[in-house]
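Colleague: Please read through the structure below; I'll follow up with questions.
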Amino acid sequence: MTPILPAYSLMDHDIARARPLPTTGVGASLQRKEDRRFLAGEGEFVGNIKLPGMLHVAFARSAVAHGRILAVHKPAGFEDAVFTMADLEAGSPPVGPIRVLSSLPGFKPSSQWPLARDKVRQVGEPIAMCVAASRAEAEDIADAVVADIEDLPAVVDMLEARDAPPALVHEEWGDNIFLETLVEGGLKGDAFEALKRGAAVKVHRRLRTARQSMAPMEGRGVVCSWNTRLDQLEMHTAAQMPHINRAGLSETLGIDQASIRVIAPDVGGGFGYKGILLPEEICLAWLTRHIGRPVKWIEDRREQLIANTNCREHHYDITVYADARGRLLAIDCDSVIDSGAYSSYPFSACLEAAQVGSILPGPYKMEAFRCRTWSVSTNKPPILPYRGVARAGVCFAIETMVDAAARAAGVEPHEARLASLIEADEMPYDNITRKHFDSGDYPEAIRRAMQAIDLPRWRARQGAAEPDGRLIGVGHAVFCEQAAHGTSVYYGWGIPMVPGHEQCGARMTPDGRLELRIGAQSHGQSLETTLAQVANEILGIDPDHVRLVHGDTGMTPYSTGTWGSRSMVMSGGAVAEACALMVERVRDIAAHLFQVPLDQVMLAQGRVSDRAGGHSLTLAELAHVWYRQPQRLPPGVNPAGLEVIGGYKARVDTGTFSYACHAVAVAVDPGTGAVELLDYVIVEDAGTLVNPMVVDGQIYGGTAQGIGTALFEEMRYDSQGQPLASTLADYMLPGATEVPAPRIIHMETPSPYTTFGQKGMGEGGAIAPGAAIANAVNDALRPLGAELTELPMSPRRVMAAIAASRAGGVIGSPHAAKGQAA
Amino acid sequence: MTTIRLTVNGRAIEADVQPRTHLADFLREQQLLTGTNLGCEHGVCGACTLEIDGAPARSCITYAIDCDGASVRTIEGFGGDAPMAALRAAFSAEHALQCGYCTPGMLVTARDIVIRLPGVPEDRIRKELSGNLCRCTGYAGIVRAIRAVMAQSGTPSGPSLASTEPFASTAP
Ligand code: FES
Ligand code: FES
């Protein structure tokens with residue numbers, strides 16, 4: 001398909017530029033259209049939905065991490081209210097397991113039954129579904145379900161799972177490895193070995209990032225019913241990718257996709273947590289049809305923390321080679337990802353490792369690269385791609401290593417980076433793993449960040465002792481955020497869900513308002529506003545006259561949904577295409593109505609007129625004629641009317657590359673291990689900003705999450721695989737006192753490949769804080785000879801690193817190599 | 001079942017509740033007031049914050065039966081309230097909400113701050129907010145909105161950090 005808009009230039013069209021007021025179109029910090037309902041307390045979250053005759057569901061879940069199910073006993077008197085996998089399999093068609101395959105050779109699939117069958121493989125795995133008139137009663141029944149389970153040794157640590165497993169999570173595999181991959185680039189074999197021997201600087205570390213919970217403020221939840229008129233399942237679910245949920249439900253339930261409508265209503269944050277087909281969704285879909293009543297399940301926070309998906313658990317055994325100036329020469333890395341018990345739908349157990357292997361070089365040039373990855377299965381919940389996905393761990397790994405190399409070379413870390421970064425005049429640039437960087441000036445971002453944080457002043461302050469005995473450190477990190485990945489990227493990573501073309505349906509209503517229908521879903525990203533700005537940019541229509549329909553498979557074109565910072569590029573591109581088509585339709589109708597040649601018709605600021613000035617109509621007046629007074633239209637007018645589908649695919653589909661440099665100054669208390677952030681600067685380049693206020697909001701929010709990754713958040717497990725954080729009092733989310741307001745400085749280098757030059761940027765804030773803060777903390781601890789190699793840098797880890805250095809100058813915390821301890 | 005009498009958003013109510021039902025469930029399920037969101041149901045996140053007898057309280061760890069005789073105000077009950085109207089406008093202007101899930105609880109806490117502590121500096125605002133978690137905004141817009149409302153009401157938030165300056169008093 002040829003895009004209607006090859007690039008951002010309406011001047012290419014034979015119409016006057018629909019020049020918006022500067023306060024409404026692309027580039028305006030327009031206040032959000034979605035705010036009113038949330039400020040009033042009128043958001044329609046799934047928990048608020050009530051259907052007549054609705055029953056409530058609670059799940060009986062496994063108390064052990066690994067075991068063989070011998071029997072499940074339904075409580076006496078409640079046999080009709082409790083369902084096990086045997087019941088779901090007895091239906092016609094039988095309910096099947098979730099099986100998500102990577103297309104990469106050697107991948108071993110898992111079978112995740114919606115209710116455990118034969119074995120349980122993690123604490124919290126659902127065993128029985130219990131239904132009652134209220135949630136409280138359903139929980140009472142669930143408490144009375146007894147499962148006889150023969151304990152098996154739990155596989156808890158990912159390195160142990162790979163090297164010396166106490167058990168096999170999936171016996172039929174013969175080991176605990178979903179997939180092993182090798183990515184190489186540049187020099188190989190003897191040439192690589194010679195480089196290693198000749199490198200002036202060689203640093204080796206074992207690095208680890210903690211397992212985390214994504215923890216949106218709203219959990220998952222499902223309300224569903226069977227519509228007998230349409231013979232269709234109607235499911236409301238707190239989901240980021242409703243079309244994908246529909247596909248997954250169809251596959252596991254054995255019913256066709258047209259018999260399923262999935263609606264994601266208002267969703268209280270996602271961050272990746274809601275990008276999954278849930279076992280609970282499958283169970284409730286089966287149940288509502290089986291019992292003929294609407295049913296509801298709302299995940300509570302304990303279920304979320306104990307049973308449902310986690311993210312981010314990486315281990316790096318990494319060596320970096322550099323020259324005497326700290327310029328990067330090569331990376332050699334073994335990386336293990338703890339993918340948990342199952343391969344989740346649709347991202348599979350391998351997305352994280354695929355990213356690690358291909359993006360570990362970051363925005364750096366080098367001569368050789370080798371990364372081997374293992375996606376390992378353990379008796380812990382599956383991991384999902386959390387905001388930033390593997391980039392947060394990768395950024396921590398490469399950026400702490402660049403700092404270590406700079407220290408070894410005796411240069412300032414930013415000098416080592418400036419010597420290694422891709423330069424602006426090399427763009428577009430294909431790097432050592434064949435990532436195609438679209439545009440940008442990475443060195444400039446570092447220079448501006450160094451200037452803004454004022455490095456010399458912090459260095460001077462370090463020279464003088466602090467009155468309170470704390471140690472001052474300053475550090476930074478740079479990263480690239482590949483976003484809006486296209487077909488080739490996901491196909492290459494072996495992910496079973498491959499994004500393709502994105503569409504938008506646009507309809508002008510008889511009163512001249514615009515309805516936009518997109519298959520993505522907005523749950524905080526502000527698409528109701530920003531896509532209205534896009535429509536305004538093309539059509540000149542008042543954003544208040546634009547209504548976005550999203551997150552409903554019954555109303556919208558297919559889309560893989562909202563993930564990977566793709567919506568502003570993909571849905572934004574599709575909306576622009578649809579609106580450009582609408583411009584043509586409007587002009588055609590006007591030309592017929594005005595009885596002037598098409599090239600005499602122009603559309604500006606929501607009015608269509610002829611160049612001679614004889615005729616002028618508002619969009620509402622024109623729409624009124626089209627729908628209500630067709631007798632006024634002569635023959636020959638395009639009968640397709642004011643309803644269009646616009647489609648979009650980026651001209652180069654390898655994604656946009658946003659990037660940023662985060663620089664931070666910290667004070668570390670060597671007596672308590674507490675870390676305080678003293679200043680935080682972000683120099684960010686996300687191309688053309690559609691709504692700068694919204695972009696800043698994404699950066700602030702992402703950075704807060706990244707600060708959680710850096711300092712606080714950790715899902716810990718004991719040696720039996722029991723989760724040690726089951727409430728928000730144990731799982732520490734950063735609050736207003738922990739998160740500063742970073743200073744944000746924008747650069748705007750447009751992407752040459754997208755409609756307006758915009759780049760996906762929703763995840764970036766969460767990527768760099770772990771790395772930047774670690775570099776600052778290690779800078780602070782340098783006088784003590786201590787170094788942190790694990791996230792989060794909790795007070796206990798800081799103290800352990802200090803103690804280890806005092807004990808014998810050991811670099812790194814004692815837990816770096818192994819174990820869950822903190 | 002126990003019968004309780006209370007005022008909810010200015011309306012006298014008599015209702016039968018189970019002893020184990022918490023106030024948020026009572027309001028959401030029995031009174032159809034779903035503006036109060038639940039984020040943890042163990043008293044940490046603050047999403048369920050509403051007003052009981054004029055003070056912010058967590059409705060998830062308050063039993064409905066303990067509210068016999070109380071006056072409860074939820075996010076739906078601030079219609080004519082000037083401080084709340086100012087906060088709502090400021091929340092939108094400062095982009096203090098994204099998904100909107102924490103917002104009702106955040107607004108109730110913010111209103112308490114601007115009324116009880118006019119003119120306090122930013123670090124105090126942040127301390128007062130520390131019982132309300134937001135996973136989306138990083139709190140930047142929320143703090144700015146509260147400061148803006150304080151400034152409008154003639155009690156600007158005390159000396160602190162404009163977003164263009166280093167944010168900690170210990171900065172060089
Ligand atoms: S829901 Fe009440 S504090 Fe979290
Ligand atoms: S706006 Fe989403 S949790 Fe605060």
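Please treat every number below as a calculation from the coordinates, not as lab data. What you see is a predicted model, and the numbers here were worked out from it, not measured in a lab. Cβ coordinates were reconstructed from backbone atoms using ideal geometry, including for glycine residues, and neighbour counts include every protein chain displayed.
Colleague: Please report, in debye to the nearest 20, how large the charge dipole of chain A is about its Cα centre when each Lys and Arg carries +1 at its beta carbon and each Asp and Glu carries -1 there.
Modeller: It works out to roughly 680 debye.
Colleague: Averaged over all directions, how much area does the convex hull of the C-alpha atoms of the stretch B:2-77 cover when projected, in nm²? Let's see the in-between values first.
Modeller: On the way: hull surface 16.7 nm².
Taking the Cα atoms of the stretch B:2-77, their convex hull projects to 4.2 nm² on average.
Colleague: Given the Cα atoms of the stretch A:116-215, and with Rh set as the inverse mean 1/r over their pairs in the Kirkwood sense, what is Rg to Rh to two decimals? Before the final figure, lay out the partial values.
Modeller: On the way: Rg = 23.1 Å, Rh = 19.1 Å.
Across the stretch A:116-215, the Cα-based Rg/Rh ratio is 1.21.
Colleague: Starting from the Cα of A:GLU748, move 7 Å in the Cα-to-Cβ direction to define the label point; list residues of the stretch A:700-727 whose amide nitrogen is under 19 Å from there.
Modeller: It comes to A:700, nothing else.
Colleague: Right, another one. With charges only on Cβ, +1 for K and R and -1 for D and E, what is the dipole size of the stretch A:51-149 about its Cα centre, in debye, rounded to 20?
Modeller: Computed about the Cα centre, the dipole is about 580 debye.
Colleague: Could you tell me what percent of the DSSP beta bridges with both partners in chain B are antiparallel, to the nearest 5?
Modeller: Working: 14 of 16 bridges.
Counting DSSP beta bridges with both partners in chain B, the antiparallel share is about 90 percent.
Colleague: Also, I was wondering about something else. If I model a spin label as a point 7 Å beyond the Cα along the Cα-Cβ vector, how far apart are those points for A:ALA71 and A:ALA90 in nm?
Modeller: 1.7 nm
Colleague: If you don't mind, another one. Cβ under 12 Å from A:ASP685's Cβ, A:ASP685 left aside: what net charge do those residues give with Lys, Arg +1 and Asp, Glu -1? Can you show the working numbers first?
Modeller: On the way: positive: A:ARG448, A:LYS759; negative: A:ASP438, A:ASP441, A:GLU444, A:GLU481, A:GLU684, A:GLU748.
With Lys, Arg at +1 and Asp, Glu at -1, the neighbours total -4.
Colleague: Return the loop-located trypsin sites (Lys or Arg not before Pro) in the stretch A:209-296 (DSSP other than H, G, I, E, B) with at most 15 other Cβ atoms within 10 Å of their own Cβ; answer none if there are none.
Modeller: Details: sites: A:ARG211, A:ARG220, A:ARG229, A:ARG246, A:ARG261, A:LYS274, A:ARG289, A:LYS296; in loops: A:ARG211, A:ARG220, A:ARG229, A:LYS274.
Those satisfying the criteria are A:ARG229.
Colleague: When only Cα pairs under 8 Å and 6 or more residues apart are kept, what is the percent relative contact order across chain A? Intermediate values should be presented prior to the final figure.
Modeller: Details: 2109 pairs, mean separation 135.6, N = 822.
Once normalised by length, the contact order is 16 percent.
Colleague: If each DSSP helix of 4+ residues adds -39,500 (n - 2.57) and the sum is divided by the residues in chain B, what number results at 222 nm, nearest 500 deg cm²/dmol?
Modeller: Details: 4 runs with 47 residues, N = 172.
The per-residue figure over chain B is -8500 deg cm²/dmol.
Colleague: Karplus couplings for the stretch A:135-151 from phi (6.51 cos²θ - 1.76 cosθ + 1.60, θ = phi - 60°), rounded to Hz, Gly and Pro as x?
Modeller: After applying 6.51 cos²θ - 1.76 cosθ + 1.60, I find 4, 4, 5, 4, 5, 4, 5, 4, 5, 8, 6, 10, 10, 7, 10, 8, 5 Hz.
Colleague: Next question. Rounded to the nearest 5, what % of DSSP beta bridges with both residues in the protein assembly as shown are antiparallel? Don't jump to the answer; show the numbers that get you there.
Modeller: Values: 116 of 147 bridges.
Looking only at bridges with both residues in the protein assembly as shown, the antiparallel portion is about 80 percent.
Colleague: Using Stokes-Einstein with the Kirkwood hydrodynamic radius over Cα pairs, what translational diffusion coefficient do you get for chain A at 37 °C and a viscosity of 0.692 mPa s, in µm²/s rounded to a whole number? Write out the running numbers ahead of the final one.
Modeller: Values: Rh = 27.9 Å.
Once the numbers are plugged in, D ends up at 118 µm²/s.
Colleague: A follow-up question, please. Using Cα positions and a limit of under 19 Å, work out the lysines in reach of A:LYS74, with same-chain residues fewer than 8 apart set aside.
Modeller: Filter leaves A:LYS119.
Colleague: Another question, then. Under 1.5 on a/c is rounded, so check that first for the stretch A:270-348, then, if it is not, pick prolate when a/b is larger than b/c and oblate when it is not; a ≥ b ≥ c are the square roots of the alpha carbon gyration tensor eigenvalues.
Modeller: Details: a/c = 4.28, a/b = 3.72, b/c = 1.15.
Prolate shape, in that a/c is at least 1.5 and a/b is the bigger ratio.
Colleague: Report the charge-dipole magnitude of the stretch A:517-641 in Debye, nearest 20, computed about the Cα centre from +1 at each Lys and Arg Cβ and -1 at each Asp and Glu Cβ.
Modeller: Working: 9 positive and 11 negative charges, 37 e Å.
It works out to roughly 180 debye.
Colleague: Then there's this: Counting only Cα, what are the radius of gyration and maximum Cα-Cα distance Dmax of chain B, in Å?
Modeller: In order Rg, Dmax, the Cα atoms of chain B give 17.0, 62 Å.
Colleague: Can I ask one more? Out of the DSSP beta bridges found with both residues in the stretch A:413-571, what percent are antiparallel (nearest 5)? Can you show the working numbers first?
Modeller: On the way: 7 of 12 bridges.
Roughly 60 percent of the DSSP beta bridges within the stretch A:413-571 come out antiparallel.
Colleague: Taking only the alpha carbons of the stretch B:82-152, what extent do you get along each of the three principal axes, in Å, biggest first?
Modeller: Projected onto the principal axes, the Cα atoms of the stretch B:82-152 cover 28, 23, 17 Å.
Colleague: Just flag the GluC sites (Glu not before Pro) in the stretch A:378-428 sitting in loop per DSSP whose Cβ has no more than 14 other Cβ atoms within 10 Å.
Modeller: Values: sites: A:GLU399, A:GLU415, A:GLU423, A:GLU426; in loops: A:GLU423.
Counting only loop positions with at most 14 other Cβ atoms within 10 Å, the GluC sites (Glu not before Pro) in the stretch A:378-428 are A:GLU423.
Colleague: Leaving out same-chain residues fewer than 8 places away, which aspartates and glutamates sit with a Cα under 13 Å from that of A:LYS108?
Modeller: List returned: A:GLU171, A:GLU172, A:ASP175, A:GLU180.
Colleague: Can you compute the label reach from A:LYS196? Point 7 Å from Cα along the Cβ direction, backbone N cut-off under 13 Å, restricted to the stretch A:347-378.
Modeller: A:368-372
Colleague: Do any trypsin sites (Lys or Arg not before Pro) in the stretch A:97-189 lie in a loop, going by DSSP, with at most 12 other beta-carbon atoms within 10 Å of their beta carbon, and if so which? Kindly include the intermediate steps, with their values, before the conclusion.
Modeller: Details: sites: A:ARG99, A:ARG117, A:LYS119, A:ARG121, A:ARG135, A:ARG162, A:LYS188; in loops: A:ARG99, A:ARG117, A:ARG121, A:LYS188.
The qualifying sites are A:LYS188.
Colleague: Quick check on my link table: of A:LYS196/A:LYS759; A:LYS274/A:LYS649; A:LYS50/A:LYS380, which ones sit more than 27 Å apart, alpha carbon to alpha carbon? Can you show the working numbers first?
Modeller: Numbers: A:LYS196/A:LYS759 37 Å; A:LYS274/A:LYS649 25 Å; A:LYS50/A:LYS380 33 Å.
In this structure, A:LYS196/A:LYS759; A:LYS50/A:LYS380 exceed 27 Å between Cα atoms.
Colleague: Under 15 Å Cα to Cα from A:LYS188, which aspartates and glutamates show up? Leave out anything in the same chain fewer than 8 places away.
Modeller: A:ASP332, A:GLU367
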